[in-house]
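Undergrad: Got a structure for you, written out below as structure tokens; questions coming shortly.
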Amino acid sequence: MKRFAAYDPPEYQNWQADPETMRDFRARIDADPARREVVRGIGQDDLLAMYAGLLRNRLHEIALKRWVKNGVISKAWLGVGEEAATIGPVHALRRSGPGRDVVAPMIRNCGACHEFGMPVASIFRTYLGTGDAPAGGRDLHVGDLEYGVLAPISHVGDVVPVIAGIALSFQIRGEDRVGLTWIGDGSTKTAAFHEGINLAAVRRLPALFIIQNNQIALGTRLKVHAAGSFHDWPAMYGVAGAVFDGNHVLDAFAATRLAADRARAGEGVTLLIAETFRMGGHATHDEREARSLFEPELFRSWGRRDPVGMFETWLLDEGIDRARLESIEAGVTAEVDAAAEEALKSREASMPRGDTAGHGAYAASAVANPAWG
Ligand SMILES: Cc1ncc(C[n+]2csc(CCOP(=O)(O)OP(=O)(O)O)c2C)c(N)n1
Ligand SMILES: [Mg+2]
């Protein structure tokens with residue numbers, strides 16, 4: 001894929017596949033027989049859709065970075081380097097139709113929005129606060145329940161009991177659906193996470209939780225906020241567990257598909273642990289500081305593991321035509337560019353009126369002005 005000197009992390013700018021890293025990538029597929037079967041069963045169209053999804057994730061975030069640089073928005077929360085931990089799992093779910101699953105992405109998982117069918121323009125409109133954004137310009141967290149995507153709740157961890165509740169409703173109605181959310185390594189320290197996963201565990205709800213261990217929470221490194229290993233947590237909660245490589249879209253897909261199959265079969269929760277690394281800042285404002293928190297060698301070693309570059313190399317090794325991948329990339333690039341243009345037009349034409357600020361808000365607005373209802 002095309003690299004961007006102004007926006008990519010330094011390790012990605014002249015990215016070349018590293019033979020040893022690619023050997024590990026292949027070995028990972030073969031390491032677990034059940035996952036290998038799942039990966040072998042993915043058709044070519046689905047593989048290429050996942051490639052497009054990774055690109056859409058990377059490129060819509062680069063577009064947001066460009067807006068930050070040009071002063072269109074003040075900051076953006078990105079998932080660079082962690083895209084496979086989003087795109088693999090969502091492609092393993094049912095993403096359309098009335099029986100679609102429900103996902104609750106956190107800030108690093110915005111790729112779930114477009115892969116569940118939300119137009120990329122909706123993501124941009126949300127950032128611009130336009131009246132035609134899904135939240136009507138009232139919240140910059142991206143999601144749209146019309147598409148089965150619950151927007152992030154600002155209080156990290158709180159979405160875990162919400163997904164447990166959604167899964168409970170699927171169970172009560174006898175629906176064959178699952179709910180999935182991601183929890184950052186830092187956010188696992190909240191009471192809400194504990195309460196939510198415990199309820200889901202004990203009721204054997206069709207809920208999947210992915211601890212996205214990117215080794216850091218804001219500016220606090222994992223070793224400062226966590227003792228022990230997340231790998232022990234599934235047993236602690238009495239649920240099934242699996243660890244996957246968060247930079248390996250196929251491993252992420254396979255682990256999630258197996259977990260979703262178990263949930264649909266009534267076997268309850270799986271707690272998945274994605275091992276990955278945050279290549280950027282918490283958001284665009286602290287990228288330089290974020291680089292100072294770890295040794296440069298750590299960035300170099302994770303930099304060799306670019307989830308998009310590794311998957312692209314694997315597809316080429318599997319015999320997919322380079323021209324085919326380039327045409328997918330051209331298509332996604334055009335889609336993202338057009339979406340950005342469209343959203344900028346909304347900023348001209350569809351900003352929310354000030355007197356609607358209280359609409360959709362609860363008690364506080366009704367008390368402040370009963371006329372708002
Ligand atoms: C309950 C709560 N505490 C603190 C914050 C402020 N905050 C926002 S993101 C974040 C760090 C989250 O780290 P992690 O869960 O590892 O997710 P990551 O950002 O690494 O994806 C913090 C402390 C918050 N939003 N909610
Ligand atoms: Mg984290």
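The values are calculated or read from the model by the stated rules, or taken from the named source; none is laboratory data. Here the structure is a predicted model, which is why all the values come from computation and not from measurement. Counting neighbours? That spans all protein chains shown, and the Cβs are built from the backbone with ideal geometry, glycine included. In case anyone asks, the SASA skips ligands and DNA or RNA and just uses the protein heavy atoms, side chains included. Shrake-Rupley method; radii C 1.70, N 1.55, O 1.52, S 1.80 Å.
Undergrad: Every residue in region 165-185 that is within 16 Å of ligand 2 (Cβ to nearest atom) and open to solvent by less than 10 Å² (accessible area, probe 1.4 Å), please. Break it down into steps so the answer makes sense when it comes.
TA: Applying the first criterion (within 16 Å of ligand 2 (Cβ to nearest atom)) to region 165-185 yields 181-185.
Hits for region 165-185 are THR181, TRP182, ILE183, ASP185.
Undergrad: Just the residues that are open to solvent by 10 Å² or more (accessible area, probe 1.4 Å), closer than 29 Å to ARG304 by Cβ and either in a loop (DSSP other than H, G, I, E, B) or not aliphatic (A, V, I, L, M) (or both), please, taken from region 68-92.
TA: The answer is LYS69, LYS75, TRP77, LEU78, VAL80, HIS91.
Undergrad: I'd like the residue in region 186-242 that is more than 22 Å from ASP101 (Cβ to Cβ) and β-branched (Val, Ile, Thr) and, out of all such residues, is nearest to ligand 2 (Cβ to nearest atom).
TA: ILE216
Undergrad: Inspect all residues belonging to region 130-138 and state whether any of them is small (Gly, Ala, Ser) and either in contact with a Cys (Cβ under 9 Å, 6 or more places away or on another chain) or part of a helix (DSSP H, G or I) (or both). Give the steps one after another, and end with the answer.
TA: Kept after step one, since they are small (Gly, Ala, Ser), are these residues of region 130-138: 131, 133, 135-137.
Subsequent filtering for residues that are either in contact with a Cys (Cβ under 9 Å, 6 or more places away or on another chain) or part of a helix (DSSP H, G or I) (or both) retains none.
No, there is no match, as no residue in region 130-138 is small (Gly, Ala, Ser) and either in contact with a Cys (Cβ under 9 Å, 6 or more places away or on another chain) or part of a helix (DSSP H, G or I) (or both).
Undergrad: State all residues of region 172-222 that are among the β-branched types (Val, Ile, Thr) and within 8 Å of ligand 1 (Cβ to nearest atom); if no residue qualifies, say none. Give the steps one after another, and end with the answer.
TA: Filtering region 172-222 for residues among the β-branched types (Val, Ile, Thr) gives 172, 178, 181, 183, 188, 190, 197, 202, 210-211, 216, 220.
Once the filter is applied, which keeps residues that are among the β-branched types (Val, Ile, Thr) and within 8 Å of ligand 1 (Cβ to nearest atom), region 172-222 yields ILE183, THR188, THR190, ILE216, THR220.
Undergrad: Oh, and also: Please report, ordered by residue number, the helices (runs of 4 or more DSSP H) entirely within region 2-41 with at least 1 residues that are under 20 Å from ASP306 (Cβ atoms) and among the aromatic types (Phe, Trp, Tyr). I'd like the intermediate steps shown before the answer.
TA: Details: elements: 10-13, 19-31, 33-40.
Answer list for region 2-41: 10-13, 19-31.
Undergrad: Could I ask something else about it? Just for helices (runs of 4 or more DSSP H) wholly inside region 254-373: which have at least 2 residues that are open to solvent by 70 Å² or more (accessible area, probe 1.4 Å)?
TA: Values: elements: 287-291, 296-303, 307-317, 322-349, 363-368.
Because the criterion is at least 2 residues that are open to solvent by 70 Å² or more (accessible area, probe 1.4 Å), the helices (runs of 4 or more DSSP H) in region 254-373 that meet it are 287-291, 296-303, 322-349, 363-368.
Undergrad: Quick one: LEU54 ticks every box in (1) part of a helix (DSSP H, G or I); (2) open to solvent by less than 40 Å² (accessible area, probe 1.4 Å); (3) over 22 Å from PHE277 (Cα atoms) bar one, so which box is it?
TA: Every listed condition holds for LEU54 apart from (3).
Undergrad: Within region 252-270, identify whether any single residue is at pLDDT 95 or above, within 16 Å of ligand 1 (Cβ to nearest atom) and out of contact with any Pro (no Cβ under 7 Å at 6 or more places or on another chain), and answer yes or no. Write out each step before concluding.
TA: Step one: list which residues in region 252-270 are at pLDDT 95 or above, which gives 252-270.
Within this subset, residues satisfying the condition of being within 16 Å of ligand 1 (Cβ to nearest atom) are 252.
If we keep only those that are out of contact with any Pro (no Cβ under 7 Å at 6 or more places or on another chain) as well, we get none.
Scanning region 252-270 turns up no residue that is at pLDDT 95 or above, within 16 Å of ligand 1 (Cβ to nearest atom) and out of contact with any Pro (no Cβ under 7 Å at 6 or more places or on another chain).
Undergrad: Could you grab me the full set of residues in region 93-117 that are within 16 Å of ligand 1 (Cβ to nearest atom) and part of a loop (DSSP other than H, G, I, E, B)?
TA: PRO105, MET106, CYS110
Undergrad: Restrict the check to region 226-249 and report whether at least one residue is within 16 Å of ligand 1 (Cβ to nearest atom), open to solvent by less than 10 Å² (accessible area, probe 1.4 Å) and modelled with pLDDT of 95 or more.
TA: So far as region 226-249 goes, yes, one or more of its residues are within 16 Å of ligand 1 (Cβ to nearest atom), open to solvent by less than 10 Å² (accessible area, probe 1.4 Å) and modelled with pLDDT of 95 or more.
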